[in-house]
Amino acid sequence: MSPIDLAPLPQAPGAALRVDSERELSPALIAEIHAFCDQAEDARAGTAAVLRLGGAGTARHWPGAVGIDMVSRWEKALRRLERTQIAKIAIVEGVCGGPAFEVLLTSDYRIGAPDARFEVPVSDDSIWAGMAVHRLVSQFGGAFARRMVLFGAEMSAERALETGLLDEMPADAATSAARVAAAAGRLEQAELAIRRRLVHDAAATSFEDALGMHLAACDRTLVRRSDGARPASRQERTGPGAGAKENRR
């Protein structure tokens, strides 16, 4: 099985993406991320995507012998994955570092096995200064990011659960993923994407600037309720990120 595998997860309908922590950056890895996004964007309503992340070790020289153009393409692929409207549920087993850790931070819900361990991507003996650093700060705050980024602290599954990097650590990860996927499937994808954006933007947006966006989201809900939950138009379903496919190169 390849490090990235497009296959359905048993009991959880939808696309599945597998990312091994030891894989180095390459055009093939970027292409596989975009292929997964294509599949997720074309999925029927009520579908969730599962991200299977981890491995026996981690890449000690991430991203490998590549140039900055390749790194830029990788960051654009991750941004596309992050903004894909479908709900993304991560399952972590073993060591989650390198590309697996970067993909983890784009997910919406994170499930970890008891043996899971988390490491910020490392390039030789230094922490890789990619956009994972930005996501750590925006999602967890400066104190959390400082410990992991400046000193390369590893984190156990128990600690990740305490800090919020993991949402749960069940005995059966596949069953939990199926449960979360079923719950996410009841949500309209465009509405999920809007709420994700409101959460992501909150830390860097003033109350006054955010007010209009939140009122617009509330208005959509009220209008839909008054219209008897009319079917969403294609424009409403695709939302502001509909043109993401054009950025895959």
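The values are calculated or read from the model by the stated rules, or taken from the named source; none is laboratory data. Quick caveat: nothing in here was measured; it's all calculated off a predicted structure. When we count neighbours, we look across all protein chains shown, and the Cβ atoms used for this are built from the backbone with ideal geometry, even at glycine.
Summary table
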quantity: Residue in the stretch 83-99 that is crowded, with 21+ Cβ neighbours inside 10 Å, touching a helix residue (DSSP H, G or I) at 6+ places or on another chain (Cβ under 9 Å) and part of a helix (DSSP H, G or I) present; calculated: yes
quantity: Residue tally, condition in a loop (DSSP other than H, G, I, E, B) and of a type in the set (A, V, I, L, M), over the stretch 60-82; calculated: 2
quantity: Matching residues, the stretch 17-28, being buried (at least 21 other Cβ atoms within 10 Å of the Cβ) and outside any loop (DSSP other than H, G, I, E, B); calculated: 17, 18, 19, 20
quantity: Lone qualifier among 119, 158, 168, 154 - being of a type outside the set (Val, Ile, Thr), in the same structural domain as residue 87 (by TED's automatic domain parsing) and touching a Cys at 6+ places or on another chain (Cβ under 8 Å); calculated: 119
quantity: Qualifying residue in the stretch 163-186 (condition: of a type in the set (Lys, Arg), farther than 20 Å from residue 104 by Cβ and within 20 Å of the chain's Cα centre (by Cα)); calculated: yes
quantity: Residue satisfying all of: in the stretch 198-249; part of a helix (DSSP H, G or I) and of a type in the set (Val, Ile, Thr); modelled with the highest pLDDT among these; calculated: 223
quantity: Output for the stretch 114-160, where each listed residue is in a loop (DSSP other than H, G, I, E, B) and crowded, with 18+ Cβ neighbours inside 10 Å; calculated: 116, 119, 120, 121, 128, 130
quantity: Restricting the stretch 159-175 to residues that are touching a residue at least 40 places away in the same chain (Cβ under 8 Å) and not aliphatic (A, V, I, L, M), the residue that is farthest from residue 48 (Cα to Cα); calculated: 170
